[in-house]
Amino acid sequence: MHCLFCQHHDTRVIDSRVSEDGATIRRRRECEACGERFSTLETIELKLPTIIKSDGRREHFDARKLRAGFDRALQKRSVSEEAIETAVRAVVHQLRMTTERELASRRVGEFVMGELRRLDHVGYVRFASVYRSFEDVADFREELDRLERDLPGEGQLPLLGGDVVSIDKHADKNRKK
């Protein structure tokens with residue numbers, strides 16, 4: 001790597017550290033000509049599929065848009081930042097695992113809905129209402145019925161009334177003692 005200060009053609013690495021998530025390496029370098037030191041970050045560059053929008057446009061995948069979609073669906077819901085980040089990483093992982101160079105935005109939406117179903121039923125229904133273009137209350141009711149029928153819902157509040165499902169099984173056990 002060239003020195004940032006004197007443009008000498010060679011620098012040596014004097015220290016390397018891996019980030020907490022293991023996705024980047026910080027390297028401390030020193031120029032052999034002028035002795036100046038600087039840091040570089042090394043990251044893995046993975047090619048994600050190009051997203052084909054419903055109108056036929058093609059866009060590069062943007063993780064910020066993905067995160068914004070999760071944030072909108074989960075706005076004012078009690079879902080931790082860590083859980084949201086884990087869901088975003090899961091969707092990106094699914095995208096990486098597809099061997100396709102181009103992917104319809106509908107498939108990305110299905111990946112997101114799968115993660116939202118797991119995270120928060122209300123967030124899932126919010127996302128599904130936009131994603132599937134619900135026209136009226138009957139569409140909402142149909143999706144709610146499908147969700148209540150298909151999912152056990154453990155660890156989440158019920159969608160419509162009913163008893164509250166315990167979020168912490170250990171707390172229930174401690175109360176019984």
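Please list, by residue number, every one of the GluC sites (Glu not before Pro) in region 40-95 that is coil in DSSP and has at most 13 other beta-carbon atoms within 10 Å.
Loop-located and lightly packed - 45.
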Query raised in the report: Amide H neighbours of residue 61 under 5 Å, counting only residues 5+ apart in sequence or on other chains, H built in-plane at 1.01 Å?
Result: 51
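Would you mind giving the average projected area, over all directions, of the Cα convex hull of region 50-150 in nm² with one decimal?
6.9
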Query raised in the report: Does a label point 7 Å from the Cα of residue 146, set along Cα-to-beta-carbon, have any residues of region 118-132 with amide nitrogen under 16 Å, and which are they?
Result: 118, 121-132
Report summary line: For region 1-97, using Cα atoms only, the Rg and Dmax in Å read 19.6, 56
Query raised in the report: So which aspartates and glutamates pass the test for residue 76, namely a Cα distance under 14 Å, with those fewer than 8 places away in the same chain ruled out?
Result: 120
Query raised in the report: Label points 7 Å out from Cα along the Cβ direction at residue 132 and residue 67: separation in nm?
Result: 2.9
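Laboratory data are not the source of any read-out in this text; all were calculated from the coordinates shown. Bear in mind that the values here come from a model prediction, so they are computed numbers and not experimental data. Please note: Cβ atoms are built from the backbone with ideal geometry, for glycine as well, and neighbour counts cover all protein chains shown.
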